[in-house]
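Colleague: Pasting a structure below so you can have a look.
The values are calculated or read from the model by the stated rules, or taken from the named source; none is laboratory data. Since the structure is predicted, the reported quantities are computational estimates derived from the model, not experimental observations. Cβ atoms come from the backbone with ideal geometry, glycine included; neighbour counts cover every protein chain shown. Side chains included, ligands, DNA and RNA excluded: accessible areas come from the protein's heavy atoms. Shrake-Rupley method; radii C 1.70, N 1.55, O 1.52, S 1.80 Å.
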Amino acid sequence: MTVRTRFAPSPTGYMHIGGMRTALFSWLWARHNNGQFILRIDDTDQQRNMDEALGPILDAFRWLGLDWDEGPEVGGPHGPYFQSQRRQLYDAALSKLLDSGKAYRDFEAPADTQTQREAAEKEKRVYVSSRVSLQLSEDQVAKNVTDGQPFVVRLLIPRADKVVLNDHIRGKVEFDCSLMPDPVIARNDGSPLYNFATVVDDAEMEITHVIRAEEHLSNTPIQILLHRALGNKTPEWAHVPYVASPGSKEKMSKRRIDKYRTSPQFQKLFELGDLVLSRIGIDPKSNDLSPVMVAYYREVGFLPAGVLNALVRLGWSLDDQTEILSLAEMKRKFSLDRVIKSAAGLDPDKMLSFQSHWMSELPAKEKLYGCLHMLKRAGLIDDEDDKETQAKVASIIELAADRLRVFGDIFQLDEFFVADDELKIDDKNFQKRVVKPENAVLLLHDLRRRLSDIDNFTAQPLHELLQSFAAEKQVKVGDIFPALRLCVTGKAQGVDLFRSLELLGKACVLRRLDRAIGLAESHRVP
RNA sequence: GGCCCCAUCGUCUAGUUAGGUCUAGGACAUCGGAUUUUCAUUCCGGUAACAGGGGUUCAAAUCCCCUUGGGGUCACCA
């Protein structure tokens, strides 16, 4: 039997990071078993712009490299893959249930149903459907229908039964049917509801394993009952725990983003994100893009491998050691029985650590392209394809080394891209190391002269020059290096100073030095 | 509230199915130390957990029960 799994998102306009993890598990299980992964769009209740709503979801899959064998854009033998276009299937299944008496038309007014529900709640009694419409004779039902009496179709729950499911992750779970109201499976106009459409589609698409989030566990007995009523072979189930927000056990949610913003666990991620997004023209305070969404990580400059690695280790482990896994390895080694049962909180720190690892593994060329793209978006370079620009950026990346965890980190080296008079100088440190010390400006004046005299403006000679300069002036290198750094990069610390000087070039270094000295002097004489 | 699910370091987890090899292992974070002109890296080391209570057993993180805590779900949403 070929394993067939599916992911069935509703087109919401964004891809949830937790949903992505569920999808990953589902994809992994299919691929691990050389099976098929199907994407189906649950749009029974949507009337919005499909491109806008579905685009980001497909983009997220493509970005992470999770392909689908059947679904939107690729089609397949069980299409269409949009529930809104599969009405005939649902109609047929509905007639079948109605004809066999396994479902019934319920003419009870919604208000009445609601009242009973509330009454039951008030009396602390379990609510089950009144089934008054079941008393109606066949003729009466027919008459009601022709009269246009509104109704819904409900599945007739076999109240004497128990539903036992053997979940791949949760083990044996039992539900008592006597406690279940008859669920509505179709509206008056015959349009199907989620539970019903899902069952019809899962059967028609020959899904063998339904791998989905834990919150669907309570839907499962209904779906099993529906499969039985329809005479389908019931698929196997695996209910994956949801992804919780950092430091809590609550399901991560787009709506709580403002709360996450102030959570200490999320701090680093938001700081990083804010910095990068504001550079590339995305309002970081807008909630259109947030760490709840897959797109956030792409925009900030995460690698698919980093995100994937973080996601797969959320609720799944291979053994007591393995942390780093490529997609290919995951595919080989994934198994459902090693998925944990409890909800796991997303850990931004660990995510960033995975990301750092995969960034360090990335070939230089790809690092270059990623950074070029970022710089271009921020307007810090004009032409991504310009050879000279590429060579410069490549050198900067090499300088940055492991400081570059995400592509957006390239902005922390913006001193190499901004115009001299736009260089921002860390004022607090500038005061401390340049303005306040008695001899600093004097030393810098001297140093400037020496620097302008040097012909071979490369790291090694520069280093030697600085060293002998310090010795000659009888100052500690620790006094002069930081001051110089502040003047030419604006920062108190950073990448190798001498290679930075080399890269910036003599002219630029001298200009910046002049500007900084001027600034320091004007500071001093207020 | 009903139903269902879950419970090991701050976090992600190994160990639970087949009780002993667990004085509970790893990773991230954190704190020291070494390296580094600075920062980052790297290396070395430290702190840190079986929710509580009862059983069963020679032996319990592991099995059973209760309590507590956390979560999900209770729609003519998906």
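Colleague: Using every Cα-Cα pair within the range A:133-248, state what percent have a distance larger than 19 Å.
Modeller: 55
Colleague: Largest first and to the nearest Å, give the Cα extent of the range A:356-424 along each principal axis.
Modeller: Each principal axis gives a Cα extent; for the range A:356-424 these are 36, 26, 19 Å.
Colleague: Once every DSSP H run of n ≥ 4 in chain A is given -39500 (n - 2.57) and the sum is divided by its residues, what mean residue ellipticity at 222 nm do you get, rounded to the nearest 500 deg cm²/dmol? Mind dumping the intermediate values first?
Modeller: Working: 21 runs with 244 residues, N = 526.
That comes out to -14500 deg cm²/dmol.
Colleague: Would you kindly give the portion of the calculated P(r) for the range A:384-436 that falls above 14 Å, as a percent of all Cα pairs?
Modeller: The calculated P(r) of the range A:384-436 puts 65 percent of pairs beyond 14 Å.
Colleague: I'm a student and want to see the number: the projected area of the Cα convex hull of the range A:240-388, averaged over all directions, in nm².
Modeller: Projected over every direction and averaged, the Cα hull of the range A:240-388 covers 10.0 nm².
Colleague: Right, another one. Ignoring any ligand, DNA or RNA, what whole percent of the accessible area of the range A:440-512 comes from carbon and sulfur when the probe is 1.4 angstrom?
Modeller: 50
Colleague: Once you charge only the Cβ atoms, +1 for Lys and Arg and -1 for Asp and Glu, what is the size of the charge dipole of the range A:44-184 about its Cα centre, to the nearest 20 debye?
Modeller: Numbers: 18 positive and 24 negative charges, 106 e Å.
Roughly 500 debye for the range A:44-184.
Colleague: At 0.36 nm per residue, and after removing the present C-alpha to C-alpha distance, how many nm does the segment from residue A:506 to residue A:422 gain when stretched out fully?
Modeller: Once the chain is fully extended between residue A:506 and residue A:422, it gains 28.4 nm.
Colleague: Now, a different point. Scan around residue A:185 for amide H atoms under 5 Å from its own, H built in the peptide plane at 1.01 Å from N, and keep only partners 5 or more places away or cross-chain.
Modeller: For residue A:185, whose amide H was placed from the backbone, the distant partners under 5 Å are A:153, A:154, A:155.
Colleague: Sticking with this one: Taking R0 as 56 Å, what FRET efficiency do you get between residue A:436 and residue A:249 from their Cβ-Cβ distance, rounded to the nearest 0.05?
Modeller: On the way: r = 51 Å, r/R0 = 0.90.
Once the sixth-power term is evaluated, E becomes 0.65.
Colleague: For a label point 7 Å from the Cα of residue A:464 along Cα→C-beta, name the residues of the range A:493-514 whose backbone N is under 19 Å from it.
Modeller: Zone members listed by number: A:497-503, A:506.
Colleague: Filter A:251/A:285; A:392/A:476; A:96/A:251; A:268/A:365 down to the pairs with a C-alpha to C-alpha distance above 26 Å, please. Spell out each step's value before the answer.
Modeller: Values: A:251/A:285 22 Å; A:392/A:476 32 Å; A:96/A:251 38 Å; A:268/A:365 28 Å.
Listed pairs above 26 Å: A:392/A:476; A:96/A:251; A:268/A:365.
Colleague: For residue A:498, what is the net charge nearby, where nearby means another residue's Cβ is under 11 Å from its Cβ and Lys, Arg count +1, Asp, Glu -1?
Modeller: Once all neighbours under 11 Å are counted, the net charge is -1.
Colleague: Turning to a different aspect of this structure: Nearest-5 percent of antiparallel DSSP beta bridges in the range A:33-182? Please report the intermediate quantities before stating the final value.
Modeller: On the way: 11 of 13 bridges.
DSSP beta bridges in the range A:33-182 are roughly 85 percent antiparallel.
Colleague: Rounded if a/c is under 1.5, else prolate if a/b is larger than b/c, else oblate: which is the range A:65-130, with a ≥ b ≥ c the root eigenvalues of its Cα gyration tensor?
Modeller: Verdict is prolate for the range A:65-130.
Colleague: Further question: List the relative contact order of chain A as a percent without decimals, with contacts defined as Cα pairs under 8 Å and 6+ residues apart.
Modeller: The value is 12 percent.
Colleague: Can you tell which of A:53, A:225, A:357 lies farthest toward the positive end of the dipole of chain A, using +1 and -1 charges on the Cβ of basic and acidic side chains (Lys, Arg; Asp, Glu)?
Modeller: A:357
Colleague: Could you compute the net charge surrounding residue A:153? Neighbours are other residues with a C-beta less than 9 Å from the C-beta of residue A:153; K and R count +1, D and E count -1.
Modeller: Around residue A:153, the charge tally is +2.
Colleague: Kindly provide the GluC sites (Glu not before Pro) of the range A:64-148 that DSSP labels as loop, not H, G, I, E or B, and whose Cβ sees at most 13 other Cβ atoms within 10 Å.
Modeller: A:73, A:123
Colleague: Please give the contour-minus-distance gain from residue A:215 to residue A:322: 0.36 nm per residue of separation, less the Cα-Cα distance, rounded to one decimal in nm.
Modeller: 35.7 nm
Colleague: When the expected Rg is taken as 2.2 N^0.38 Å, what fraction or multiple of it is the alpha-carbon Rg of the range A:309-431?
Modeller: Scaled against compact globular proteins, the figure is 1.39.
Colleague: Another question, then. Once Lys and Arg get +1 and Asp and Glu get -1 on their Cβ, which of A:92, A:481, A:205 lies farthest toward the positive end of the dipole of chain A?
Modeller: Farthest towards the positive pole: A:481.
Colleague: Determine, from the Cβ-Cβ distance of residue A:449 and residue A:395 and an R0 of 30 Å, the FRET efficiency 1/(1 + (r/R0)^6), rounded to the nearest 0.05.
Modeller: 0.65
Colleague: Label residue A:474 and residue A:145 with points 7 Å out from Cα along Cα→Cβ: what is the distance between them in nm?
Modeller: Here the modelled spin labels are 10.7 nm apart.
Colleague: Another question, if that's okay. Residue separation times 0.36 nm, minus the C-alpha to C-alpha distance between residue A:373 and residue A:32: what's the value?
Modeller: Between residue A:373 and residue A:32, full extension yields 119.4 nm more.
Colleague: Moving to a separate point now. Would you mind telling me the share, in percent, of accessible area of the range A:211-334 contributed by carbon and sulfur at probe 1.4 angstrom?
Modeller: After summing per-atom areas, the C and S share lands at 50 percent.
Colleague: Continuing with the same structure: HN-Hα J couplings of the range A:33-42 from phi, Karplus 6.51/-1.76/1.60, θ = phi - 60°, integer Hz, Gly and Pro as x?
Modeller: 9, 6, x, 10, 10, 10, 10, 10, 9, 8
Colleague: Hey, what does the equivalent ellipsoid look like for the range A:319-382, semi-axes from the Cα gyration tensor as sqrt of 5 times each eigenvalue, largest first, whole Å?
Modeller: Working through the eigenvalues yields semi-axes of 33, 15, 10 Å.
Colleague: Within 10 Å, Cβ to Cβ, of residue A:479, how many net charges do the neighbouring residues add up to if Lys/Arg are +1 and Asp/Glu are -1?
Modeller: That works out to +3.
Colleague: Oh, and also: Put one equal scatterer on each alpha carbon of chain A, apply the Debye formula with no solvent term, and list log10 I(q)/I(0) at q = 0.05, 0.09, 0.13 1/Å to two decimals.
Modeller: Debye intensities relative to I(0), on a log10 scale: -0.32, -0.78, -1.25.
Colleague: Could I have the simple spin-label model distance between residue A:274 and residue A:360, label points 7 Å from Cα toward Cβ, reported in nm to one decimal?
Modeller: Distance between label points: 2.8 nm.
Colleague: Computed FRET efficiency, Cβ-Cβ of residue A:67 and residue A:332, R0 22 Å: what is it to the nearest 0.05?
Modeller: Efficiency, rounded to the nearest 0.05: 0.85.
Colleague: Hey, any idea what Rg/Rh is for the range A:23-149, computing Rh the Kirkwood way over Cα pairs?
Modeller: Radius of gyration relative to Kirkwood radius: 1.13.
Colleague: So, for chain A, what is the accessible surface per residue at a probe of 1.4 Å, expressed in square angstrom?
Modeller: 47
Colleague: Using only the alpha-carbon atoms, what does the range A:131-192 span along each of its principal axes? Please give whole angstrom values in decreasing order.
Modeller: 49, 25, 13
Colleague: Report the charge-dipole magnitude of chain A in Debye, nearest 20, computed about the Cα centre from +1 at each Lys and Arg Cβ and -1 at each Asp and Glu Cβ.
Modeller: Around 1160 debye, computed over chain A.
Colleague: With an 8 Å Cα cut-off and a minimum separation of 6 or more residues, compute the relative contact order for the range A:10-152 in percent.
Modeller: Reported relative contact order: 20 percent.
Colleague: Within the accessible area of the range A:20-166, what % is carbon and sulfur when the probe is 1.4 Å and the other protein chains stay in place?
Modeller: 48
Colleague: Over all directions, how big on average is the projection of the convex hull of the alpha-carbon atoms in the range A:227-324, in square nanometres?
Modeller: Hull-based average projected area comes out at 9.6 nm².
Colleague: Under a no-solvent Debye model with one identical scatterer per Cα of the range A:392-526, what's log10 I(q)/I(0) at q = 0.09, 0.13, 0.15, 0.20 Å⁻¹?
Modeller: So the normalised log intensities are -0.25, -0.52, -0.70, -1.23.
Colleague: Please give, to one decimal in nm, the separation of the simple spin-label points placed at residue A:515 and residue A:383, each 7 Å out from Cα toward the Cβ.
Modeller: About 2.4 nm, to one decimal.
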